[in-house]
1. I'm told Gln57 meets every condition in (1) on the phi < 0 side of the Ramachandran plot; (2) modelled with pLDDT under 90 except one. Can you identify the failing condition by its number?
2. For the condition touching a Phe, Trp or Tyr at 6+ places or on another chain (Cβ under 8 Å), of a type in the set (Gly, Ala, Ser) and within 22 Å of Gly129 (Cα to Cα), what is the one hit in Gly103, Gly91?
3. Hey, Ser181 hits all of (1) crowded, with 21+ Cβ neighbours inside 10 Å; (2) more than 15 Å from the chain's Cα centre (by Cα); (3) modelled with pLDDT under 95; (4) among the small types (Gly, Ala, Ser) but one; which does it fall short on?
4. Which number in (1) more than 20 Å from Asp77 (Cβ to Cβ); (2) modelled with pLDDT of 80 or more marks the one condition that Gly188 misses?
5. Check the stretch 2-19 and report whether any residue there is at pLDDT below 90, hydroxyl-bearing (Ser, Thr, Tyr) and surrounded by 16 or more Cβ atoms within 10 Å (Cβ to Cβ).
6. Can you name every residue in the stretch 67-76 that is surrounded by fewer than 20 Cβ atoms within 10 Å (Cβ to Cβ) and either without any contact (Cβ under 8 Å) to a residue 60 or more places away in the chain or over 11 Å from the mean Cα position of the chain (by Cα) (or both)?
7. Those residues that are hydrophobic (A, V, I, L, M, F, W, C), part of a strand (DSSP E or B) and within 17 Å of Phe90 (Cα to Cα), I need them from the stretch 112-153; list them, please.
8. Look through the stretch 112-147, keep the residues that are under 12 Å from the mean Cα position of the chain (by Cα) and farther than 21 Å from Gly81 by Cβ, and return whichever of them is surrounded by the fewest Cβ atoms within 10 Å (Cβ to Cβ).
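The values are calculated or read from the model by the stated rules, or taken from the named source; none is laboratory data. Quick caveat, the model's predicted, so the values are computed rather than measured. When we count neighbours, we look across all protein chains shown, and the Cβ atoms used for this are built from the backbone with ideal geometry, even at glycine.
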Amino acid sequence: MFENLREDLAMHEGNWRSQGFWIMLQYRFGRWRYAVRPSFLRKPLSFLYRWMKTVSQVLTGIDMPCEVTVGKRFRIDHFGGIIFSGDAVFGDDVVVRHGVTVGLKSIGDPGSPVIGNRVDIGAGAKLLGRIRIGDDVIIGANAVVVRDVPANSIAVGIPARIIPRKQPAKTAVSNAVEYQSDYAEMFG
């Protein structure tokens, strides 16, 4: 849990006040508590998790249950209006912005998206249903994605249309490093 939290903090540029980091702290704690044995020790931790989740939802506007599967270096860039279904799956180096929904297509149709590595999800995007998002994909702002997106693509529009990428993707990690070096050049 602590190694993942160190990476999460680094992805949020060391800013422990970032709402995205708060959500990752709550999420990692929720996942970690499942491993606590015996169950009588886990029960107070479960109560604490439910309290943390409620408080974090109210303060950040982000609903991320601990049942979501999240890879390493997951970044929530901006806060508010973010909802993840409990059976959603995210790969490594994924960036999510405000207003994003990742979940069911409809109540009677269970199954949520499986998202690959190095995916950048723009503000307001909706990823709905049993779909697969390949590696190195960019989901444009306000796109509504209801079908599979192959690797190295861009999805834009309502409903999203798929465009092949011409340049290789940058990972969230390389973007963070590039941002830090640009910031250092500008402000010394």
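1. Of everything listed in (1) on the phi < 0 side of the Ramachandran plot; (2) modelled with pLDDT under 90, Gln57 misses just condition (2).
2. Numbers: Gly91 fails: touching a Phe, Trp or Tyr at 6+ places or on another chain (Cβ under 8 Å).
Sole residue among the options that is touching a Phe, Trp or Tyr at 6+ places or on another chain (Cβ under 8 Å), of a type in the set (Gly, Ala, Ser) and within 22 Å of Gly129 (Cα to Cα): Gly103.
3. The single condition Ser181 does not satisfy is (1).
4. Status for Gly188: all satisfied but (2).
5. Step one: filter the stretch 2-19 for residues at pLDDT below 90, giving 2-19.
Right, trim to hydroxyl-bearing (Ser, Thr, Tyr) and you get 18.
Cutting the leftovers down to surrounded by 16 or more Cβ atoms within 10 Å (Cβ to Cβ) gives us 18.
Looking for residues that are at pLDDT below 90, hydroxyl-bearing (Ser, Thr, Tyr) and surrounded by 16 or more Cβ atoms within 10 Å (Cβ to Cβ), one finds at least one in the stretch 2-19, hence yes.
6. Initially, the stretch 67-76 is screened for residues surrounded by fewer than 20 Cβ atoms within 10 Å (Cβ to Cβ), giving 67, 69, 71-72.
Listed by number, the residues that qualify are Glu67, Thr69, Gly71.
7. Restricting attention to the stretch 112-153, the residues satisfying the condition of being hydrophobic (A, V, I, L, M, F, W, C) are 114-115, 119, 121, 123, 125, 127-128, 131, 133, 137-139, 141, 143-146, 149, 151.
Of the ones still in play, those that are also part of a strand (DSSP E or B) are 114-115, 121, 127-128, 133, 138-139, 144-145, 149.
Matches in the stretch 112-153: Val114, Ile115, Ile121, Leu127, Leu128, Ile133, Ile138, Ile139, Val145, Val149.
8. The residue in question is Val114.
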